[in-house]
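The values are calculated or read from the model by the stated rules, or taken from the named source; none is laboratory data. Model, not experiment: these values are computed from the prediction. With ideal geometry, Cβ positions are generated from the backbone for all residues, glycine too; neighbour counts draw on all protein chains shown.
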Amino acid sequence: MLPSAANCPAILVAAPASGQGKTTVAAALARLQVRRGQRVTVFKCGPDFLDPRWLALASGRPVHQLDLWMTGEADCRARLAAAALNSDLIIVEGVMGLFDGDPSAADLAQRFGLPVLAVIDASAMAGTFGALAFGLQHYRPGMPWMGVLANRVAGERHASMLMDSVREPAQWLGALMHNPHLSVPERHLGLKLASEVVDGLAMLDAAADALADTPLGQMALSDWQRWSVNFTESKAFVDDAIAGQRLAGRTIAVARDAAFCFIYDANLECLKALGAEVVFFSPLADFALPACDAVWLPGGYPELHAAALGGNARFINSLKAHVAAHKNVWAECGGMMALFDVLIDHDGHRETQWGLLPGTVSMHTRLAGLGPQQWTSPTGVLRGHTFHYSTCTTAMPAVERTTRPNQAPSQDAGEAVYQSGSLRASYFHAWFWSSPAATANLFSDNAMRSHHV
């Protein structure tokens, strides 16, 4: 692959903390520019499944993850370079606060020279707004900086006070007035899925209309050239396993519906790049698996659909027959939860589930697992993360455990990996591109020859 380079306006939408309105602003900006005929590519910083669905709705394009640890710098660079070649604007939504996490959104901005647009919830401040903006810009030397946008502002007088507090007038990019109807709805795992909100696109259009009245929203395409970044990719991001088409001729059935929806688009692309044919099915609506060689049960919200999942006896029998035929199943987080005997929801209701793993899953009000994780095997290291509010009680021993970055395996750390015949399951969410070889082994016939990936 010949070296490619492209200049493209690009920004990173960040904030001092979670809940400031990053997703709403990033989606509104994407929607506004798309309505003006621009080609907008949006990325999400960090291992997030939910925000990308809103960003994809706004931009009309797939939204991939950028994470210097989980996806890796080479993967980030390749995706940014590819986007620059066919985009008029690149928007990257940050994660948590600008400097939170290791690596943080700030690390990503500095690594690739992405100017930061800071979104600050100004509902309970006035002059301190300027101090907070100044601190975000200057906390680290050399931070690429675009400016600051005030969110949830009480009125024009409040907006004027906020604007006056910003030291550099050119960095004031406007104010969005407080409007609860412009906030993306949430629940225990984060934002609701865009597909679940009937008027989701109308809400994004309303947010885009509000943004259009700000200095940020009034920038012409020529004005955006000031924020151009040069993205260069000098070699193809190719793994030997991809070149070898390790899954050629195999059909992988992927659960995808309201209960199982935590799917990275890039993971589907990885399976296809490995040569697999990908088909989809719904454990909620379908009575049987499609014809396939392997099954992937991704995460999602089985706790919200436990009765329906447990009541689909014909589908359960189909899945059990698949496992009895020694065909592969990889289940992660929500996909694993449905495999146990019983699921106890937030209200204490017990629902019988699929019974392929012995034990009970219980929902809690606080997070039970959070953070980056990796799974080491003879064929490669799969990187990913964990994020769940449930725990499982089972007599099954863990055949392996994931680890945090730079930590050795431990019996009381990381996420358990369970195995029953051709079925493997864990709370661990994998980023398939981190090791296409290990990914291929998850779904190939030789995967069951040992307890390893």
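When the residues of region 226-278 are filtered to those that are closer than 20 Å to Pro298 by Cα and among the acidic types (Asp, Glu), the one that is modelled with the highest pLDDT is Glu277. Comparison of Ala430, Ala425, Ala413, Ala447 shows that the only residue that is at pLDDT below 95 and surrounded by 14 or more Cβ atoms within 10 Å (Cβ to Cβ) is Ala447. Residues in region 391-403 that are closer than 12 Å to Ser426 by Cα, part of a strand (DSSP E or B) and of a type outside the set (Lys, Arg): Thr391, Cys392, Glu400.
Looking at Leu117, is it touching a residue at least 60 places away in the same chain (Cβ under 8 Å) and more than 22 Å from the chain's Cα centre (by Cα)? For Leu117, the condition - touching a residue at least 60 places away in the same chain (Cβ under 8 Å) and more than 22 Å from the chain's Cα centre (by Cα) - is not met.
Beta carbons closer than 6 Å, at least 6 apart along the sequence or on distinct chains, pair a first residue in region 157-179 that is assigned by TED's automatic domain parsing to the domain that holds Met219 and within 14 Å of Ala118 (Cα to Cα) with a second that is part of a loop (DSSP other than H, G, I, E, B) and at pLDDT 95 or above for Leu162/Ala122; Trp172/Val166; Leu173/Pro215; Leu173/Leu216; Gly174/Thr214; Gly174/Pro215; Gly174/Leu216. Which residue is surrounded by the fewest Cβ atoms within 10 Å (Cβ to Cβ), if the candidates are limited to region 261-282 and must be touching a strand residue (DSSP E or B) at 6+ places or on another chain (Cβ under 9 Å) and among the aliphatic types (A, V, I, L, M)? Top of the filtered list is Val279.
Given the criterion of a type in the set (A, V, I, L, M, F, W, C), surrounded by 12 or more Cβ atoms within 10 Å (Cβ to Cβ), farther than 30 Å from Thr365 by Cβ and at pLDDT below 95, identify the matching residue among Leu189, Leu216, Leu221.
Unique residue meeting the criteria: Leu221.
Checked against (1) surrounded by fewer than 23 Cβ atoms within 10 Å (Cβ to Cβ); (2) within 15 Å of the chain's Cα centre (by Cα); (3) not aliphatic (A, V, I, L, M), Pro16 passes all but a single condition, namely (2).
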